[in-house]
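Report on the structure given below.
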Amino acid sequence: MGAAQAKLMLWGRTTSINVMKVLWCLEELGVPYDREDVGGEFGRNHEPWYLALNPNGRVPTIRDKGMVLWESNVVVRYLSATYGAGKLLPADATARWHAEQWMDWQQTVLAPALMPAFQNLVRRKPSERDLNAVEKSRKATVEAMAMIEARLARSAFIAGPAFSMGDIPIGPGIHRWLSLPIERPAMPAIERYYQTLRERPTYRKHVALPLA
Ligand SMILES: N[C@@H](CCC(=O)N[C@@H](CS)C(=O)NCC(=O)O)C(=O)O
C-alpha cells in the first residue's frame with residue numbers, strides 16, 4: 001500500500017449555485033472531501049494562489065488525485081465518470097448523451113436567463129434592484145422552463161427514467177426558480193420533479209435551502 005490518497009479538495013462558498021452542484025454530486029457519490037470558503041463575502045478568488053489554480057477566478061475549483069479542475073458541469077462529469085459509473089453516469093448511450101446535452105443547455109441558456117432575477121431579488125438591496133432586468137429574466141426563464149416542462153412531461157428525469165448527472169446542474173435552478181418571489185405559469189411536471197428531488201436528503205442538504 002502506498003501513502004494514503006489525499007482527500008478531494010473543493011474551493012467555493014456553499015451559497016454558489018455552481019458549488020452546490022459539486023457538493024450535491026459528491027454527496028450522492030459518497031466521496032469524502034474537504035472544502036474551503038472562497039468567493040462572495042469570503043473573497044480570495046482573485047488572489048494569486050487561487051488564480052494559479054483557476055485563472056477564471058470563479059468558484060468552484062476542485063483538486064483530486066493531483067488534478068485541478070474547474071467549470072462546475074465538467075467537475076460533475078468528472079466525478080460521475082470517476083466515481084459514479086452506472087449510478088450518475090448513465091450506461092445507456094441515449095441517456096448519457098441526453099444528460100450531456102441538458103448540462104450544456106443549463107450553462108448556456110438556463111443559467112444566463114435566471115441569474116439576473118436571482119441577483120436582483122436576492123443579492124441586492126431593494127433600492128438597488130433593476131426591476132426591468134428582473135422582468136426580462138423572468139420571461140426568459142419561463143421560456144427555458146417550458147422546455148424542461150415538456151421534457152419532464154414524458155420523462156421522469158432530465159436524461160431518461162433514472163436520476164443521473166444530467167439532473168445535477170438542473171436541480172439547483174429549479175429550486176431557485178420555484179423559490180423566487182415572481183410570477184410563474186403552472187408547470188406540473190416541474191412541480192412533480194421538484195418534489196421527487198426533494199425526497200433526496202442530498203438535495204435537501206446542499207440545494208433546497210433558503211435563498212442566500
Ligand atoms: N461557468 C462557471 C461559472 C462559475 C461562476 O460564475 N461562479 C460564481 C458563483 S455561482 C462566482 O464564482 N462568482 C464570484 C464569487 O463567488 O465571488 C462554472 O460553472 O463553474
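No lab work stands behind these numbers, since they all come straight from the coordinates. This structure is a prediction, so every number in the text was calculated from the model and none was measured. Don't worry about glycine lacking a Cβ; one is built from the backbone with ideal geometry, like all the others, and counts go over all protein chains shown.
Here are a few things to note about the model shown:
- Pick from region 2-26, criterion within 8 Å of the ligand (Cβ to nearest atom) and of a type in the set (G, A, S), ranking: surrounded by the fewest Cβ atoms within 10 Å (Cβ to Cβ): S16
- Only one of the numbered conditions (1) farther than 22 Å from R200 by Cβ; (2) small (G, A, S); (3) surrounded by 15 or more Cβ atoms within 10 Å (Cβ to Cβ) is violated by G173, and that is (1).
- For region 34-89, the candidate set comprises residues that are in a loop (DSSP other than H, G, I, E, B) and on the phi > 0 side of the Ramachandran plot; within that set, the residue that is surrounded by the most Cβ atoms within 10 Å (Cβ to Cβ) is G39.
- Residues considered: L29, L53. Of these, the only one that is within 16 Å of the ligand (Cβ to nearest atom) and closer than 15 Å to L10 by Cβ is L53.
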